[in-house]
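Structure record follows, encoded as structure tokens.
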Amino acid sequence: MSVMAKKKKSQAKGKGKSSKYVYFFGNGKAEANATMRDLLGGKGANLAEMTNIGIPVPPGFTISTEVCDLFYKLGRKYPAGLKEQIDANLAKLENAMGAKFGDKDNPLLVSVRSGAAVSMPGMMDTVLNLGLNSDTVQGMIIKTENERFAWDSYRRFIQMFGDVVMGVEHEKFEEILSHKKHQLGVKNDTDLTANDLKEIVRLYKKVYKEGTGEEFPSDPREQLDKAVGAVFGSWHNPRAIKYRQLYDIRGLLGTAVNVQAMVFGNMGDSSGTGVCFTRNPSTGEKIFYGEYLVNAQGEDVVAGIRTPEPILALKERMPSVYSELVKLKDKLEKHYRDMQDIEFTIQEGRLFILQTRSGKRTAHAAVQIACDLVKEKLIDWDTAVLRVDPKSLDQLLHPMFDPKAVRKVIAKGLPASPGAATGKVVFSADDAEARGKAGEKVILVRIETSPEDVGGMHAAQGILTARGGMTSHAAVVARGMGKCCVAGCGTLQIEYEKKLFIADGQTVREGDFISLNGSTGEVYLGEVKTVEPELSGSFAKLMVYADKIRRLKVRTNADTPHDAQVARKFGAEGIGLCRTEHMFFEGERIVAMREMILADTLEDREKALAKLLPMQRQDFEGIFKALEGFPVTIRLLDPPLHEFVPHEEDAQKEMAQVMNISLDKVKNRVRSLSEFNPMLGQRGCRLGIMYPEIYIMQVRAIVEAACNVKKKGIKVQPEIMIPLVGIKAEYTRLKEQSIKVIEKVFEEKGEKVQYMLGTMIEIPRAAVIADKIAQEAEFFSFGTNDLTQMTFGFSRDDVGVFLGKYVEEGIVERDPFQSLDQEGVGFLVKMGIEKGRSVRENLKVGICGEHGGDPASVEFCHRVGMNYVSCSPYRVPIARLAAAQAMIREKKAAKKKK
């Protein structure tokens, strides 16, 4: 069912029709299963599935995502019949647990957690120990014979309820707790006695009343209703919205709510709680990985309040529990056929699984795990290819620290998320975002991170925390983002007010450079030299299979032999865009270029161009050699001439002096080149028509270079591209001119090469008359950067002031300069291809804007039948994998139709 169909269905239900909104799980049987994640969220669907396969899961029920959708559609009101369904399922839960919700002698306590169809760790709200009040806490004391545990649970409940449900500042509760520990001279929460905790409960209730203007609610059903509303409300909290934006999560109805019987890890030394992964989420190694805390509840591990112990320590402390946990984690991984992230609680020696989900992992781990699961015959290669997010490959494709570089280690923490990061120290998420937007590279340094920091974490190159473990918020979110992270660096003394930290006697202030090694946990003072990554091993295996199945070729945008060599190393199958203008800005070249621009006569222009000819020829020879026979699409000069002359007076004086001409002549020429809208002015093919000698020189340089390289026994495939064509006659004139030059060079060299002449489709009119242009052009390359600009009427240089707001408020789904607008620009592309091939069946078609490295755009290019995409060198593997995934999805869709 489509998302729109689901929404219509849920709207109909909101009009009073009877519907099932609540699904029970418990006693080895559930009313749902893993296939119902859109309706019940990933957490609810997995709780049901685990119940069905015999995993020890505390019983409970899930309120569906449709209720969240209706909650907002009905003006934050619930649909008819929901209250009755919750009551019925509460009764089932009471029966399953042999306890009663709100009963003072035998109370049932529950947790209330969110859970969307797509995992969003820590982004929405959770409340534990719900159902406690002044009466039920006494019942818990009698029932458990553990007074300290009961009061500890009560103080946790008040704090979470106050913070999550009623918006009382979390810090106000923390201040009371910290003050009490300081007053008693104790370090950990576990050192507080029952009487200490009883006093903290009293103070917490006072803070609650001051923050809300009302007494803390004593009715458990009122507590539950408010908590359920808070979880639904958290779907639109700023951090959840930001997370969905960062990970491009769209089309979901909302979050589900899971109400589950509480099990307690804070009942003493035979109890505990932890988070584990069936494989290492950083490296992908098949080793049991995780952490736990004795006498604690789940938020203690995730929030980094206490530094947990490694999961292997559980083997020593509770061997039978550890053995059972190992069996369960193996069972879950085999059942789901993927690495699992599991939350568990041990209550007085009894193990419970609270959640399982496909674990967040680094790109390195994703590739390793996918290949290993194929080897273990749990998945096939198609599934392995689909398991790796193409965008995440960015993590593998960028430089790492040079092993030979000199480093000064000032601290060491836990290697929470691998990679290398260098940047200026900042101490707040807001500063990280602000500096990131200004183009600065920063390292976010925090005592511990919280979900509110997610925007700053995304903007930072890396994250460094003083507290927290390998499964803390910082670690999990950093791994998901592909950010380098060092966590739990306990030797750091961080002073937020002074904006500094001290490590190993070294004071590091805001703005100072540090470097993080997320693979070793080391923190270095200053900037550390990096080296280029090598792609091999499991990555190579995965890409070999991806290359076998994809139909779409992948080229690169490269203007130098070095860029071409980098791209070839990453698997590029040619150059889709070589921008010749980038070759004119260095040393003597810019002087010759400016001589040509300042020349008053054709003869003087040709003299200046004659100086540029050997330079251009040498550039093209280097590129042809680097490509080793793969095709090279070279775009003739595109930008307006004013880009090659200085506009500041000091630079104009320097130019006049170098060229031995008057300053007035320079100023007059610069003035004459100015245009009101240069992007729509004299550029591209218009420049070639007004100054044919420029394109004549460039075509000659290309063909001479091709002939020279061919004579050395190297295959060459030049493709000469005429830019900005919108009128067939523009192309025809420049094509005829080019052919004359090419034939003349062949005659002079006594050598011929295979070549193609084509055009860039970047003006909407060109797409409209593509059938006419294709009568002359042998290939089309869609320049989607300009095509997007002209289709939307957006100036790329000015769009920043409003486009972010457009995306944020849903006016446009995505930034159309980053991901192709398939509805509008895509329509023109599809039409251009169809029209072009209607007159030239074998028309070669590609795309050369940066869209060529965006996975969603690559899939579109596959669908409309392009021959290739072209992108920057470091995005070539991303495009290769995305092209393979597009082919797999096409095959799967075709099978479904059968």
Handout entry: Approximate spin-label separation Ile727-Ser320, in nm, with each point projected 7 Å along Cα-to-Cβ
Key = 9.0 nm
Fill in the blank from the handout: Taking alpha-carbon centroids only, the stretch 57-123 lies from the stretch 654-673 a number of Å equal to 76 Å
Exercise for the section: Sort Asp105, Asp300 from largest to smallest accessible area, using a 1.4 Å probe on the heavy atoms of the protein chains. Expected result: Asp105, Asp300
Exercise for the section: Compute, for His647, the solvent-accessible surface of its heavy atoms (probe 1.4 Å) with the complete set of protein chains present, and express it in square angstrom to the nearest 10. Expected result: 110 Å²
Fill in the blank from the handout: Contact order relative to length for the stretch 719-772, counting C-alpha pairs under 8 Å separated by 6 or more residues, stands in percent at 62 percent
Handout entry: Inter-centroid distance (Cα atoms) of the stretch 339-395 relative to the stretch 150-187, Å
Key = 35 Å
Exercise for the section: Using only the Cα atoms of the stretch 183-232, build the gyration tensor, take square roots of its eigenvalues as a ≥ b ≥ c, and label the shape rounded, prolate or oblate: rounded if a/c is under 1.5, else prolate if a/b is larger than b/c, else oblate. Expected result: prolate
Completion exercise
For the chain, longest principal axis from Cα atoms; helix 537-549 axis from its Cα atoms; angle between them, nearest 10 degrees, is 60 degrees
Completion exercise
Non-local residues with an amide H under 5 Å from the amide H of Gln340, with H modelled 1.01 Å from N and Pro and chain starts lacking one, are Thr278, Arg279, Gly359
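Quick one: of Lys29/Lys226; Lys728/Lys844; Lys92/Lys327; Lys327/Lys483; Lys104/Lys143; Lys553/Lys740, which pairs are farther than 20 Å apart, Cα to Cα?
Lys29/Lys226; Lys92/Lys327; Lys327/Lys483; Lys553/Lys740
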Fill in the blank from the handout: Residues whose modelled amide H sits under 5 Å from the amide H of Ala421, counting only those 5 or more places away in sequence or on another chain, are Leu516, Gly518
Problem - Length-normalised contact order for the chain - Cα pairs under 8 Å, 6+ apart - percent - result: 9 percent
Handout entry: Cβ charges +1 (Lys, Arg) and -1 (Asp, Glu), total dipole of the chain, debye
Key = 2900 debye
Practice task
Express as a percent, rounded to the nearest 5, the fraction of DSSP beta bridges in the chain (both residues included) that run antiparallel.
Solution key: 65 percent
Fill in the blank from the handout: Summed over the other residues with a beta carbon less than 15 angstrom from that of Glu309, with K and R at +1 and D and E at -1, the charge totals 0
Exercise for the section: Calculate the dipole size of the stretch 453-555 relative to its Cα centre from +1 charges on Lys and Arg beta carbons and -1 charges on Asp and Glu beta carbons; express the result in debye to the nearest 20. Expected result: 840 debye
Fill in the blank from the handout: Everything considered on the Cα gyration tensor (a ≥ b ≥ c; rounded for a/c under 1.5, else prolate if a/b is larger than b/c, else oblate), the stretch 266-415 must be described as oblate
Practice task
Determine which aspartates and glutamates satisfy two conditions relative to Lys895: a Cα distance under 19 Å, and not lying fewer than 8 residues away in the same chain.
Solution key: Asp380, Asp382, Glu859
Exercise for the section: Towards the positive end of the charge dipole of the stretch 181-253, with charges on Cβ (+1 Lys, Arg; -1 Asp, Glu), say which of Ala227, Tyr247, Pro217 has the farthest Cα. Expected result: Tyr247
Handout entry: Magnitude of the charge dipole, the stretch 614-730, Cβ model with Lys/Arg +1 and Asp/Glu -1, debye to 20
Key = 480 debye
Practice task
State the Cα centre-to-centre distance between the stretch 493-529 and the stretch 749-808 in whole Å.
Solution key: 46 Å
Completion exercise
Within the stretch 355-459, pairs of Lys residues whose Cα atoms are less than 27 angstrom apart, provided they are eight or more positions apart or on distinct chains, add up to 20
Practice task
Compare the peptides 588-594, 281-287, 745-751 by average per-residue count of other Cβ atoms within 10 angstrom and give them in order, highest first.
Solution key: 281-287, 588-594, 745-751
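Using the Cα gyration tensor of the stretch 406-545, with a ≥ b ≥ c the square roots of its eigenvalues, what is the shape: rounded (a/c below 1.5), prolate (a/b larger than b/c) or oblate (neither)?
Values: a/c = 1.63, a/b = 1.48, b/c = 1.10.
Prolate is the answer for the stretch 406-545, as a/c is 1.5 or above and a/b outweighs b/c.
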Completion exercise
Helix 3-14: inclination vs the chain longest Cα principal axis, degrees, rounded to 10, gives 40 degrees
Handout entry: 0 to 90° range, to nearest 10: angle between helix 663-673 axis and the chain longest Cα axis
Key = 70 degrees
Fill in the blank from the handout: Given [x] 1.02; [y] 1.04; [z] 1.07 as possible values of Rg/Rh (Cα atoms, Kirkwood Rh), the one from the coordinates is [y]
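The values are calculated or read from the model by the stated rules, or taken from the named source; none is laboratory data. The model shown is predicted, which means the values in this text are computed figures rather than measured ones. Positions of Cβ are backbone-derived with ideal geometry, glycine not excepted, and every protein chain shown enters the neighbour counts. When the accessible area is computed, the model is the full protein with side chains, heavy atoms only, and any ligands, DNA or RNA have been set aside. Shrake-Rupley method; radii C 1.70, N 1.55, O 1.52, S 1.80 Å.
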